[in-house]
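Reading through the structure tokens given below for one structure.
Only the coordinates and a few stated rules stand behind these numbers; no lab work does. None of these values were measured; they are calculated from a predicted model. Note that we place each Cβ from the backbone using ideal geometry, even for glycine, and neighbour counts take in every protein chain shown.
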Amino acid sequence: MISETAWEAGEFSATRRGGRLLFGRMYEDAEIESRLFRGRSRVFCIASAGCTALRLARDDEDHEVVACDINPVQLAYARQRGQGGARKTGAAERVMAQARRMARLAGWHPSRLDEFLRMSDPAGQLAFWKQHLDTRRFRHGFDLLLSPRWLRLVYAPPFLAFLPADFGALLRARLERGIARHPNAANPFAWALFHGSVPWPEPSRSRAVEWVGGDAAAYLESCPPAWFDAFTLSNILDGATSGYRVRLAQAVRRAARPGALVVMRSFAEPSGKRVRNCAAEDRSLLWGRVEVLTVLDDHFSFDA
Ligand SMILES: C[S@@+](CC[C@H](N)C(=O)[O-])C[C@H]1O[C@@H](n2cnc3c(N)ncnc32)[C@H](O)[C@@H]1O
């Protein structure tokens, strides 16, 4: 049987077997959800490394949070983090560490990166980026690493099918957009991306989260109807079939209270439809889409 989603394998590559941690942290800015979901009582989210669930279950929030993951290794890790467990390094962090080592060849010396990350004036950051980091060698190397030819060595085809051919240039433009907007010094995502760790303690303790294993659509099909008033679904459709896209939309629609909000991220470029897109607000600097959808009626769907 063909899988509905490549995430089911628990691996990036088609040739490896799952069983290892993919994400030690999340690259999704849950402050967006925290703002959007204010006053909503039941939130469904994807567990991944636990960051979003734990942020939304903090004491100052007023939601019940259910966090689901199809990958048992991620789910166990997220649950442990909720109990105060230590942060671990996942496969995604190892790939990024390798890319950072290569960036040194493009002139990204640690002292220069440190100076950049301690800046808090976005206009100054952008000027610094253009002058010292966005070098010709960096652009060339980055675009090569993110070209279909190289990505195919690490990622299974379903994770790449939706990516534009010039993904490297598009991702550089997203980085630049974020650098020109979010002060680096207080941005944990900029530190994680460019430095590999965040130099201040990041709280992970929160009220209880209900951690559930398995596929998100299957879980939403089985929960009581009209149960959740907010959903944040990571980028789980990056790597899923069109059939799964339809199935997930139907499952969300069934599990949603009227007017429920749905946040869906994607590495793809914006769909061009008239949808609210918070990608520029996301301090992780990476996303093409952080779409905010409202479940109003039976026509609810996710754009490809
Ligand atoms: C979509 S991935 C992407 C990582 C994410 N952008 C981050 O920053 O952590 C996040 C998590 O979604 C889980 N996942 C993917 N498809 C899923 C599905 N259909 N149901 C439940 N979890 C899923 C993966 O196992 C992974 O742990």
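Summary table below
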| item | result |
| --- | --- |
| Ratio of Rg to Rh over the range 142-205 (Cα coordinates, Kirkwood Rh, two decimals) | 1.08 |
| HN-Hα J in Hz across the range 96-111 - Karplus 6.51, -1.76, 1.60, θ = phi - 60°, x for Gly and Pro | 5, 5, 5, 5, 5, 4, 5, 5, 4, 5, 9, x, 7, 7, x, 5 |
| For q = 0.11, 0.18, 0.21, 0.28 Å⁻¹, Debye-computed log10 I/I(0) when each Cα of the range 13-77 counts as one equal scatterer | -0.29, -0.66, -0.83, -1.23 |
| Globularity index of the range 1-140, i.e. its alpha-carbon radius of gyration over 2.2 N^0.38 Å | 1.31 |
| Fraction of alpha-carbon pairs over 17 Å apart in the range 201-304 - percent | 56 percent |
| The range 69-214: C-alpha gyration tensor shape, a/c 1.5 cut-off, then a/b vs b/c | oblate |
| Within the range 217-272: Cβ-based charge dipole about Cα centre, in debye rounded to nearest 20 (Lys, Arg +1; Asp, Glu -1) | 160 debye |
| Amide proton proximity set for Leu22, modelled H, under 5 Å, gap of 5+ | Ala91 |
| Per residue convex hull volume, Cα atoms of the chain, in Å³ | 130 Å³ |
| Nearest-20 debye value, the range 168-304 charge dipole, Cβ charges on Lys, Arg, Asp, Glu | 260 debye |
| Computed over the range 175-258, the ratio Rg/Rh where both radii use C-alpha atoms and Rh is Kirkwood | 1.10 |
| Helix-only [θ]222 nm of the chain, DSSP H runs n ≥ 4, -39500 (n - 2.57) each, per residue, nearest 500 | -10000 deg cm²/dmol |
| Size of charge dipole - the chain - debye, nearest 20, with Cβ of Lys, Arg +1 and Asp, Glu -1, no other charges | 900 debye |
